[in-house]
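Engineer: Here you go, one structure.
The values are calculated or read from the model by the stated rules, or taken from the named source; none is laboratory data. All values derive from a computational prediction rather than experimental measurement. Cβ atoms come from the backbone with ideal geometry, glycine included; neighbour counts cover every protein chain shown.
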Amino acid sequence: MALELYHNDMSTCAQKVRTALGEKGLDWTGHHLNLRAGDTQKPDYLKLNPGGVVPTLIDDGTVIIESTVINEYIDDRFPDRPLRPSDPVERARMRLWTKQLDEGVHAATGVISACIAFRHQHLKKTPEQIAEYLSKVPNAERRERTRQSIELGVDSPQFPGAIQRFEKLLSDMDAALQDGPWLAGRSHTLADVAYTPYMIRLEHLQLGPMINKRPKVKSWGERLKERPSWAKGIGQWLNQSYLSLMEEKGAEAWPKARRILGYV
């Protein structure tokens with residue numbers, strides 16, 4: 001067995017896969033890509049991952065892309081310490097959580113991260129460099145969303161909907177956690193693995209009050225950090241320059257986010 005992972009330290013999708021690998025206790029060889037430098041847009045990488053995103057897993061020469069698919073592959077390929085419940089109802093719940101992550105929550109994360117913090121990394125570039133970066137974003141909808149995030153920040157028309165999407169998500173999580181310690185019920189599953197990076201991202205962006213007002217969600221988040229996989233998948237990869245930027249700009253953005261959410 002030879003596992004290779006093309007990843008980025010602060011990418012939520014890469015964090016998600018590293019966490020799954022950590023849950024399985026698997027060793028892997030990493031290839032760290034600098035997203036801001038355009039490493040994922042280089043021809044050799046695009047041959048592996050035509051979408052130009054991270055992560056990409058290679059297992060003895062077999063290429064697997066898309067983080068949700070990668071995590072399911074990991075659980076199938078290495079069935080010890082299963083991350084999917086045996087109960088069909090709980091397995092269905094798990095799939096509903098991972099499905100909505102791919103169908104909107106991840107995009108909302110990109111919006112709030114860029115609008116609050118990451119836009120400032122781009123604004124250090126020349127207009128020509130920003131235009132070149134945007135031209136390489138493969139999806140037109142995502143390209144426009146990124147442009148607005150860079151140019152307008154929290155005044156982007158995308159920002160209110162993204163924040164409100166997380167408000168609904170956290171409310172749904174709070175309801176689900178009334179029935180058990182984990183999102184799908186009695187066992188820690190791929191759903192909990194998948195959402196670990198997104199809860200951490202909210203905290204880093206100084207949006208923790210959204211979590212703190214929901215004690216069940218807060219306790220669940222604390223349990224996630226107690227698992228050894230948290231350090232392996234996220235903790236040891238945290239980039240201090242990103243953390244400092246998110247802390248500073250998140251504090252500046254919170255008053256606007258609070259008004260959008262209707263918090264007193």
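Engineer: Any idea which of (1) outside any helix (DSSP H, G or I); (2) in contact (Cβ under 8 Å) with a residue 24 or more places away in the chain; (3) surrounded by fewer than 18 Cβ atoms within 10 Å (Cβ to Cβ) is the one His188 doesn't satisfy?
Structural biologist: (3)
Engineer: A further question on this structure: What about Val63, is it in contact with a Ser or Thr (Cβ under 7 Å, 6 or more places away or on another chain) and outside the structural domain of Ala191 (by TED's automatic domain parsing)?
Structural biologist: Considered against the rule, which asks whether it is in contact with a Ser or Thr (Cβ under 7 Å, 6 or more places away or on another chain) and outside the structural domain of Ala191 (by TED's automatic domain parsing), Val63 comes out as yes.
Engineer: Any idea how many residues of segment 151-185 are surrounded by fewer than 16 Cβ atoms within 10 Å (Cβ to Cβ), hydrophobic (A, V, I, L, M, F, W, C) and more than 18 Å from Ile211 (Cα to Cα)?
Structural biologist: Of the residues in that region, 1 qualify.
Engineer: Let me ask something additional. Of the residues Phe166, Phe159, which single one is under 14 Å from Phe118 (Cβ atoms) and at pLDDT 95 or above?
Structural biologist: Working: Phe166 fails: under 14 Å from Phe118 (Cβ atoms).
Of the residues listed, the single one that is under 14 Å from Phe118 (Cβ atoms) and at pLDDT 95 or above is Phe159.
Engineer: Within segment 126-144, identify whether any single residue is small (Gly, Ala, Ser), within 27 Å of Ile65 (Cβ to Cβ) and either within 18 Å of the chain's Cα centre (by Cα) or not in a helix (DSSP H, G or I) (or both), and answer yes or no.
Structural biologist: no
Engineer: Does Arg91 meet the test of being surrounded by 13 or more Cβ atoms within 10 Å (Cβ to Cβ) and of a type in the set (D, E, K, R)? Can you show your working first?
Structural biologist: Numbers: surrounded by 13 or more Cβ atoms within 10 Å (Cβ to Cβ): yes; of a type in the set (D, E, K, R): yes.
Criteria met by Arg91.
Engineer: For Thr29, are the conditions met, namely being within 24 Å of Lys225 (Cα to Cα) and not assigned by TED's automatic domain parsing to the domain that holds Glu226?
Structural biologist: yes
Engineer: Search segment 124-150 for residues that are touching a residue at least 40 places away in the same chain (Cβ under 8 Å) and pair each with any residue that is of a type in the set (Gly, Ala, Ser) when their beta-carbon atoms are under 7 Å apart and the residues are at least 6 apart or on different chains.
Structural biologist: The qualifying pairs are Lys136/Gly38; Pro138/Gly51; Pro138/Gly52.
Engineer: Only residues that are under 22 Å from Arg142 (Cα atoms) and of a type in the set (A, V, I, L, M): list them for segment 156-174, please.
Structural biologist: Ala162, Ile163, Leu169
Engineer: Oh, and also: Going through segment 151-185 one residue at a time, which ones are without any contact (Cβ under 8 Å) to a residue 60 or more places away in the chain, in contact with a helix residue (DSSP H, G or I) (Cβ under 6 Å, 6 or more places away or on another chain) and aliphatic (A, V, I, L, M)?
Structural biologist: Within segment 151-185, Ala162, Leu170, Met173, Leu177 qualify.
This table checks each residue for (1) of a type in the set (Val, Ile, Thr); (2) under 26 Å from Arg93 (Cα atoms).
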site	(1), (2)
Thr196	yes, yes
Pro215	no, yes
Glu222	no, yes
Glu226	no, yes
Gly235	no, no
Asn239	no, no
Lys249	no, no
Pro255	no, no
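Engineer: Looking at (1) over 21 Å from the mean Cα position of the chain (by Cα); (2) crowded, with 18+ Cβ neighbours inside 10 Å, which is the only condition Asp60 fails?
Structural biologist: (2)
Engineer: Can you tell me which residue among Gly180, Gly208 is of a type outside the set (Lys, Arg) and closer than 27 Å to Lys24 by Cα?
Structural biologist: Gly180
Engineer: In segment 7-32, what residues are more than 25 Å from Glu103 (Cβ to Cβ) and out of contact with any Gly (no Cβ under 8 Å at 6 or more places or on another chain)?
Structural biologist: Listed by number, the residues that qualify are Asp9, Lys24, Gly25, Leu26, Asp27, Trp28, Thr29, Gly30, His31, His32.
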